[in-house]
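Reading through the C-alpha cells given below for one structure.
The values are calculated or read from the model by the stated rules, or taken from the named source; none is laboratory data. Keep in mind that what you see is a predicted model, and the values were worked out from it rather than measured. Cβ: placed from backbone, ideal geometry, glycine included. Neighbour counts: every protein chain shown.
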Amino acid sequence: MIMNNDNINRINENNNKAIPSFLVTGATGNIGSELIKILSRENVHVRAAVHSVSKSDKILSLGIRDIVEMDFDEPSEIQYSIFKEADKIFLLTPNFGTKGVSKILDEAKKAKVKHIIYLSSDSVSLKSLSSKGVEVFIYNEKIVQDSGIKHTILRPTAFMQNFLNNSFTIKTQNKFYLPWGNGKVSFVDTRDIASVIAKILLSDSEKYENKIYSITGLEVLSCNEIAMIFSEILGVNIEYVNVSEETAFNEMKKMGLSNVLIEYILDLSRIIKQDYASYISSSVEEITGKKPNTFKKFVEDYKYAFKQNIVL
Ligand SMILES: NC(=O)c1ccc[n+]([C@@H]2O[C@H](COP(=O)([O-])OP(=O)(O)OC[C@H]3O[C@@H](n4cnc5c(N)ncnc54)[C@H](OP(=O)(O)O)[C@@H]3O)[C@@H](O)[C@H]2O)c1
C-alpha cells in the first residue's frame, strides 16, 4: 500500500538534471532512520519503505512524504510501484529474513534500479562460524550478486547500539550480562554505517560498484573494557557479568527472541570468546573521510538511555 506517494517534481531547476531518487528499506530502524536523517538534508528524493506505518512520524517530521509499506514476509505484496523511479536502493533484511529478497530484486530489476546497497554482516567472513544465521546472509548476498544490478555489500561487525538492550540492568543494577568471556570485538556505531551508505548513495563514482566492505569501528574492546567506559561516563561503577550460555539462552527466551536468533547470538558468542571478531577495517574512514566513532562517544551520546535517574 502506498501511503503518500505525491507526484514530486524530480527535475533540478538550476541545471535541469533529474534529482537522484533513493529507496530506503528498514527506514524506521537504527540504520535506516539515521540514513533518512542524512538524506533529508540533501537535494535528493527519498522514498522510505516501512514495515509498521505507525512508526512513520519521525520520517514525516523530516519532510519525507513518500512512504510506502513493505513487508518482507509477504512477497506477493512487494510490487513494482515500490521501486519505480528509484535510482538506488538501500536494502536491509530484518533479522534472518530471506523471504521477499528475490521478489525485491526481481521488481528492482524491472524498475531499472541502477545500484543496490545490501546490509549483510561481518559474520559471513568469520570462516570458523557456521550458523543458520550466517547462511541467511550468504544466501541474500548471492541473490544480490546474481541479480545483475550493480551492488555494494556492507558487512558490519556488532553494533554499539546493541548495548541499548542492556540499558535496563545498567540502570537498575549497575551491571550488564553477556556470555562473551574476555573476548574482544570491534564494535561499530550504526550512525557510521548510515554515513557510509549515504556516501555511496550520493556518489556518482563507479568505485563502490560490485564491492564488499567490512565495516568496523576504531578499537577492539572486551566487555571489561566496555564496563570501564560506562563507569567513567556514567560516574558509577558498572560491572560486566560473564554469564553461561544456558543463562543467556533463558534470558533471551524470556525477551521473546526467536530460536534462530538466539542460536546465532550464541554461535557468535563462542567466536567472540576466541577473539575471532576483533579485527579492524579502515572502510568507514576511507568511504566517509571521517574516523568512526569510539565506544566512549557512543556512551556519551546515548547517556540518557543508561543514566539511572532517567526513566525512558
Ligand atoms: N545488531 C548487530 O550487531 C548487527 C551486526 C551486523 C548486521 N546486523 C544486521 O543489521 C540489520 C538490523 O539493522 P538495524 O539495527 O538498523 O535494524 P533494526 O533497528 O533492528 O530495525 C529493523 C527494521 O526492519 C524493519 N522490519 C522488521 N520486520 C520487517 C518485515 N517483515 N518487513 C519489512 N521490514 C521489516 C523494522 O520495522 P518495524 O520496526 O516496523 O518492524 C525496522 O525498520 C539486520 O539485518 C541484522 O542482521 C546487525
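Listed residues V136, V68, V113; which is within 30 Å of Q274 (Cα to Cα) and β-branched (V, I, T)?
Exactly one residue qualifies, and that residue is V136.
Quick one: in the range 176-224, of everything that is part of a helix (DSSP H, G or I) and out of contact with any strand residue (DSSP E or B) (no Cβ under 8 Å at 6 or more places or on another chain), which residue is farthest from N166 (Cα to Cα)?
Ranking the qualifying residues of the range 176-224, first place goes to L202.
Quick one: count up the residues across the range 142-161 that are of a type in the set (S, T, N, Q) and either at pLDDT below 95 or outside any helix (DSSP H, G or I) (or both).
The number of residues fulfilling the criteria is 3.
If the requirement is being more than 21 Å from G289 (Cα to Cα) and touching a residue at least 12 places away in the same chain (Cβ under 8 Å), which of these qualifies: E246, E209, E219, E239?
Step by step, each of E246, E209, E219, E239 is checked, and only E239 is more than 21 Å from G289 (Cα to Cα) and touching a residue at least 12 places away in the same chain (Cβ under 8 Å).
Evaluate the following for D106: is it without any contact (Cβ under 8 Å) to a residue 60 or more places away in the chain and assigned to a loop (DSSP other than H, G, I, E, B)?
In short, no.
Answer yes if at least one residue in the range 202-210 is crowded, with 21+ Cβ neighbours inside 10 Å and either over 15 Å from the mean Cα position of the chain (by Cα) or within 12 Å of the ligand (Cβ to nearest atom) (or both), and no otherwise.
Checked the range 202-210: no residue is crowded, with 21+ Cβ neighbours inside 10 Å and either over 15 Å from the mean Cα position of the chain (by Cα) or within 12 Å of the ligand (Cβ to nearest atom) (or both).
From S195, S214, grab the single residue that is within 14 Å of the ligand (Cβ to nearest atom) and under 28 Å from L266 (Cβ atoms).
Criteria check complete, one pass: S214.
Select from the range 109-137 the residues that are assigned to a loop (DSSP other than H, G, I, E, B), among the small types (G, A, S) and within 15 Å of the ligand (Cβ to nearest atom) and write down the one among them that is modelled with the lowest pLDDT.
In this case the residue turns out to be S131.
Which of (1) more than 10 Å from the ligand (Cβ to nearest atom); (2) over 16 Å from I197 (Cβ atoms); (3) buried (at least 22 other Cβ atoms within 10 Å of the Cβ) is the odd one out, the single condition V50 does not satisfy?
Only one criterion is unmet by V50, namely (1).
What number of residues within the range 175-218 satisfy the criterion of being aromatic (F, W, Y) and within 19 Å of I89 (Cβ to Cβ)?
Summing the residues that are aromatic (F, W, Y) and within 19 Å of I89 (Cβ to Cβ) in the range 175-218 gives 2.
Any residue that is assigned to a helix (DSSP H, G or I) and acidic (D, E) - is there at least one of those in the range 78-96?
no
Taking F163 as meeting all but one of (1) buried (at least 18 other Cβ atoms within 10 Å of the Cβ); (2) under 21 Å from N259 (Cα atoms); (3) in contact with a Ser or Thr (Cβ under 7 Å, 6 or more places away or on another chain); (4) not basic (K, R), write down the number of the exception.
Only one criterion is unmet by F163, namely (3).
Out of the range 262-294, which residues are part of a helix (DSSP H, G or I), charged (D, E, K, R) and at pLDDT below 90? Show your work before the answer.
First pass over the range 262-294, keeping only residues part of a helix (DSSP H, G or I): 262-273, 283-288.
Next cut, charged (D, E, K, R) only: 263, 267, 270, 273, 285-286.
E263, D267, R270, K273 - these are the residues of the range 262-294 that are part of a helix (DSSP H, G or I), charged (D, E, K, R) and at pLDDT below 90.
For the range 225-245, which positions are among the charged types (D, E, K, R) and either in contact with a strand residue (DSSP E or B) (Cβ under 6 Å, 6 or more places away or on another chain) or farther than 11 Å from L178 by Cα (or both)?
Listed by number, the residues that qualify are E225, E232, E239.
Which condition number in (1) in contact (Cβ under 8 Å) with a residue 60 or more places away in the chain; (2) part of a strand (DSSP E or B) is the one that I170 fails?
For I170, the exception is condition (2).
Please determine, by comparing only the residues of the range 166-192 that are within 15 Å of the ligand (Cβ to nearest atom) and of a type in the set (G, A, S), which one is surrounded by the fewest Cβ atoms within 10 Å (Cβ to Cβ).
Going through the qualifying residues, I end up with S167.
Residue pairs, Cβ under 6 Å, 6 or more apart or interchain, first in the range 276-287 and in contact (Cβ under 8 Å) with a residue 24 or more places away in the chain, second assigned to a loop (DSSP other than H, G, I, E, B) and of a type in the set (V, I, T). List them.
Hits for this filter: S278/V220; I280/T216; S281/T216.
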